Amino acid sequence: MRRKLIVGSRRSRLALLQTESVIARIKEANPDLDVGISKMVTTGDRHTQLERVEVAIFVKELEQALLDGRIDIAVHSLKDVPTELPPGLCLLAVTERLDPRDALVARAKLSELNSGARIGTGSLRRTVQLMSYRPDLQARPIRGNVDTRLRKISSGEVDGVIVAAAAMLRLGWQDKITEYLPLEHFLPAVGQGALVVEARLDDKEIAELVSPLNNLTSWQGITAERTFLNALGGGCRAPVAALGVVDDNTLRLEGMVASISGQSVLHASQEGSALSAEEIGAKLAQKMLAMGAEEIIAEARKSEKG
């Protein structure tokens, strides 16, 4: 019987809170287990001013530590995890998803901000949806942890920022949220609001330890989302958003694909049995590729290479 578990985590305050919440769940069922945290700095933490956000920048050091045997599991924000994992690794459990919406922290609600107000975001997806909803506002690129972004408001650098609602909730800063942005205008990133545990594929003992943490409806929703993204081309730089919601065993998946310029924004949905999450994700991807997403993604790849 395993006596010690080493959990890999990023060093940020939010990441550690997330990791500690997963550890607490593991300890509930295994009170005699000695659990330690290995805190790591990822490429994304070291280079907060990257002009182009690369795939896996917040997880690859943790994944290498798993492959090297230095840690037993890694806890990630699921939105940071690529749809294709390194050989030998797998996702074991998704905890119950928190609010997947984007949130605005600003001097006023989005509809009430003066024309020309500066809104900070490090996400092309958020920028495109913001400009589609309020083209008279200015989107300003920002990076850094949530607290770093919020300080840009008090310093006057921006008039507001868009962040993940789940991050604010986990930090206990829900009172700072000006408003939760409507899903019909601001679809979230794939996996936003969910935490995932990653481990080695062949470690059956770890699987038995962690698998009970998995929340089935959250798993079904994110499976549809990640299948959708992967079918579009998981590493594509075009702004992509998706949200899968399960209600009474029916899964409804909403998707968005947009051009980098924001001139073309496509929306579509697909629903079916929650037991067929992968099929739903694949069908929505095919539907949106037929609508023109294929050309949008090709253009994004061309722009990336150029």
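Over the stretch 172-306, the reciprocal of the mean inverse Cα-Cα separation, the Kirkwood hydrodynamic radius, stands at 16.2 Å.
Annotation for Glu157 and Ala29: the two label points, set 7 Å from Cα along the Cα-Cβ direction, are 4.2 nm apart. Note on the chain: helix-only mean residue ellipticity at 222 nm, from DSSP H runs of 4+ residues weighted -39500 (n - 2.57) and normalised by residue number, equals -10000 deg cm²/dmol. Global dimensions of the stretch 102-180 from alpha-carbon coordinates: Rg and Dmax equal 11.3, 32 Å.
Note on Ser211 and Arg70: the model spin-label points, each 7 Å out from Cα along the C-beta direction, lie 2.9 nm apart. Could you tell me the distance between the Cα centroids of the stretch 109-135 and the stretch 214-249, to the nearest Å? Each part's Cα centre sits 24 Å from the other's.
Take every pair of alpha-carbon atoms less than 8 Å apart whose residues are at least six positions apart; their mean separation over the length of the chain yields a relative contact order of 19 percent. In the stretch 110-177, Cα pairs under 8 Å separated by at least six residues give a relative contact order of 33 percent.
Compute the label zone of Ser115 within the stretch 131-164: residues whose backbone N is under 19 Å from the point 7 Å along Cα-to-Cβ. Answer for the stretch 131-164: 131-140, 159.
FYI, it's all coordinate maths here, none of it is from the lab. Predicted, not measured: the structure shown is a model, and the values here were computed from it. Every residue, glycine as well, gets a Cβ built from its backbone with ideal geometry; the counts of neighbours run over all protein chains shown.
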